[in-house]
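> Dropping the structure in here first, questions after.
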Amino acid sequence: MENKNKLDEILKLFTTKVLWTTIGVLLFVVVIGSVDWWYELKKEAAITQIAPTLRSEQSDVPSDWKTYTNTEYGFEFKYPNDWEIYLDPHAVGFISAETKQKMENPLFEGDIDLWFSWESYLNTADPQSVNKEAINGYEFTYYSGGQGGHETGNYEIKSGENVLTFSGNPKIILPVLSTIKINEYSIVTTGFYKKFISYKYGYEFIFPNEYWQVRSVGDRTSAYLANEENGTVYVEFEIAAENIGRESVFDIGANVPIEETKFAGFSAKRYECPRMIKCPNQLIETISIQLTNYPSSWGEDNEINLDVYNGGEGALIDANKLLSTFKFAN
């Protein structure tokens, strides 16, 4: 009987320990779960707090911002309406009203809000700061240091043969760069003529203002004189900077010798079929040029053509002027 009572006590003690152990384990699980749940809530709250900031950085700029357009380098962006433009021989500066007021103080050691220049400062940058950043669909190279002080950030992008560098405090200039548009080409009217400027491939030429038209698709640009009623082309000046997927006389051979020459400062091959020789494709005169030493944005199959068709004899002088006005920018 005595042994039975001892056994009951042992079982009771064991049961109690198991119960408390179980309760302890359950409490531990609840606490850990609560901590994990609390941590997830904090993380979710942090995400909720960050998201509006990101949206505000990507939102549209105020409607009263002005537009700066640079036809020489082919880009434009919007900037605050109280900023003034400052022209420097090697750069273009933008100064806010607040910064301008601060600059009246002789002790002011800062700089203007935004500099745009056509030079690269990457070779003087802090190597640890260099990285790629996508802004408004364009890939910029970002680096600190360079031409400015410790607060200066530089956003550099290559557009054809040009380097565009925007410098300043990133917090100030990023909203401006979020509006940037980089053009592939532009057409500028200058009196009786128009100038076609290709920013992507770095060249320009002049063509008559009246009757002539221009089309530019991909790497191909054509200035042409055509019959307004039926669209018949009389003269066409075409530049194919890469000329991928199309054969030329330089690929298939020509009925007259191809000579080595210079064109627009580069070594080139030239094919010419004058009027006294039967030319292909119903042409009465044609000149084809291929640069053998060419800019980095061009391809090895590049081609520049001046074609004169039946009916275009009267435009030969203008046609040859087109060829003579071709040059590489800068």
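The values are calculated or read from the model by the stated rules, or taken from the named source; none is laboratory data. Keep in mind the model is a prediction, meaning the values are calculated, not measured. Here the Cβ is made from the backbone with ideal geometry for all residues, glycine too, and neighbour counts use every protein chain on show.
> Every residue in segment 236-249 that is surrounded by 16 or more Cβ atoms within 10 Å (Cβ to Cβ) and either touching an Asp or Glu at 6+ places or on another chain (Cβ under 7 Å) or closer than 22 Å to Phe328 by Cα (or both), please.
Glu236, Phe237, Glu238, Ile239, Ala240, Ala241, Glu242, Asn243, Ser248, listed by residue number.
> Quick one: would you say Val163 is surrounded by fewer than 20 Cβ atoms within 10 Å (Cβ to Cβ), hydrophobic (A, V, I, L, M, F, W, C), touching a strand residue (DSSP E or B) at 6+ places or on another chain (Cβ under 6 Å) and not assigned by TED's automatic domain parsing to the domain that holds Glu285?
The answer is no for Val163.
> Follow-up. Quickly run through segment 184-201 and pick out the residues that are of a type in the set (Phe, Trp, Tyr) and within 22 Å of the chain's Cα centre (by Cα).
Tyr185, Phe196, Tyr199, Tyr201
> Considering Asn136, Asn230, Asn169, which residue is closer than 30 Å to Thr99 by Cβ and either outside the structural domain of Tyr86 (by TED's automatic domain parsing) or at pLDDT below 90 (or both)?
Asn169
> Just one of Tyr185, Tyr224, Tyr155 is crowded, with 17+ Cβ neighbours inside 10 Å, out of contact with any His (no Cβ under 7 Å at 6 or more places or on another chain) and in contact (Cβ under 8 Å) with a residue 40 or more places away in the chain; which is it?
Answer to the check: Tyr185.
> Of all residues in segment 156-175, count the ones that are farther than 23 Å from Tyr201 by Cβ and part of a strand (DSSP E or B).
Total satisfying the criteria: 2.
> Just to be sure I understand, how many residues within segment 273-319 are modelled with pLDDT under 80, in contact with a Lys or Arg (Cβ under 9 Å, 6 or more places away or on another chain) and polar (S, T, N, Q)?
So the count comes out to 0.
> Just to be sure I understand the filter: pairs with C-beta atoms under 8 Å, separated by 6 or more residues or on different chains, first member in segment 87-101 and hydroxyl-bearing (Ser, Thr, Tyr), second member in a loop (DSSP other than H, G, I, E, B). Which pairs pass?
As it stands, the answer is Ser96/Pro80; Ser96/Asp82; Ser96/Trp83; Ser96/Asp113; Thr99/Gly110; Thr99/Ile112; Thr99/Asp113, since those pairs meet every condition given.
> Taking segment 122-133 as the search range and keeping residues that are modelled with pLDDT under 85 and not in a helix (DSSP H, G or I), which one is farthest from Lys158 (Cα to Cα)?
Once the filter is applied, the top-ranked residue is Asp126.
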